[in-house]
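Colleague: One structure coming up, written as structure tokens, with questions to follow.
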């Protein structure tokens, strides 16, 4: 599970970068940058470039921001977000962790100084909570599982989040943290009872209110708008049983940022799970084409999803050659990232075995079916299905 207890505490999960020294804080400046409309206009294209995986273009604009506002945590936060979205398509890849963590540490250091400046206390609290929350999110991921660092970051995120509570009139960005807390502080103990004692001293949340607040952020915020949409998409589609609403958000995100592989594969996944195979096919084929062309961020994780969906789609069409081609690619993608304990891998093997069995190729069919038995857990349904298929030989 990517979002454990510390996910509750994630606030503005949108910024990151290198551990560069900040310019001296200009104490004469009293600009509340997160509420500066002109600045949002100036960097709107950079934000779009970042979410569309045009990282170099985005970073140039963020570094311009750093030159102008080096005393403020916002530029470092944004450069950091650039690094975070390099991580998002494949959380197994830890090559960007160092830069991400360094920029979050820089944000914390600068925000602590900003916190001492008159009129900046609430803004500084927002960035402190955001930086700690995002660090907690990274450390609590299944791929890292650094619970001590995650708990430390989460504790600090909550501390600073409380300081900006009720100050949403200053900026809609400040509502993002409340929304996540309201939802996940209820969802976590409902789904993970063993964690319930850890939340006994937390304020009581409200899942319905959390969703409403996320919607408000997704409509009115600038820096946290897209992040709120991502959480809404995952919550509605994965936790609340509202796949149609999740599909609407995923379609918007994919159409707005067509070269973002995370949005791309999530859209393909929701189309497939909703049974809309006619739409899922070209969307999935586009993912495979972008992987084959070497586009930034498109790799085996997205490939195994898309290839399996296409295998299933062509299998239903009784187009055995195309079905076999895509099932084999799903197997190859899975092996390349060590994802051989997943349903996509097992069911691709099972489907290949069944197709070759239908075609009368007993040797190849047995090979794939025996592979399922070797790799899947004995009590799993896919293991049972493979055994049943093998009985017929």
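Since every read-out is calculated from the coordinates, none of them should be taken as a lab result. A quick note: this is a predicted structure, and the numbers were derived from the prediction, not measured. Counting neighbours? That spans all protein chains shown, and the Cβs are built from the backbone with ideal geometry, glycine included.
Colleague: If you find the alpha carbon centre of the stretch 261-294 and of the stretch 315-393, how far apart are they in angstrom?
Modeller: Centre-to-centre (Cα) distance: 21 Å.
Colleague: With a 10 Å Cβ neighbour count serving as the proxy for reagent exposure, in which order, fewest first, do 161, 104 appear?
Modeller: 161, 104
Colleague: What's the exposure ranking of 39, 236, going from fewest to most Cβ atoms within 10 Å?
Modeller: Ascending number of Cβ neighbours within 10 Å: 39, 236.
Colleague: Order of 304-317, 212-225 by packing, highest average Cβ count within 10 Å first?
Modeller: Answer by packing, highest mean first, reads 304-317, 212-225.
Colleague: Using the 10 angstrom Cβ neighbour count as an exposure proxy, how do 123, 190, 332 rank, fewest first?
Modeller: 190, 332, 123
Colleague: Order of 318-331, 285-298 by packing, highest average Cβ count within 10 Å first?
Modeller: Sorting 318-331, 285-298 by mean packing, highest first, produces 318-331, 285-298.
Colleague: For the stretch 287-391, what is the convex hull volume of the alpha-carbon atoms per residue, in Å³?
Modeller: Value for the stretch 287-391: 91 Å³ per residue.
Colleague: On a 0 to 90 degree scale, rounded to 10, what angle separates helix 207-220 from the longest Cα axis of the chain?
Modeller: 70
Colleague: At 20 °C and 1.002 mPa s, grab the translational diffusion coefficient of the chain from Stokes-Einstein with a Kirkwood Rh over Cα pairs, rounded to a whole number in µm² per second.
Modeller: Diffusion coefficient, whole number: 96 µm²/s.
Colleague: At 222 nm, what helix-only mean residue ellipticity would the chain give, in deg cm²/dmol to the nearest 500, using -39500 (n - 2.57) for each DSSP H run of four or more?
Modeller: That comes out to -21500 deg cm²/dmol.
Colleague: Also: Which whole-angstrom value gives the distance between the alpha carbon centres of the stretch 173-193 and the stretch 144-158?
Modeller: If you average the Cα positions of each part, the centres end up 16 Å apart.
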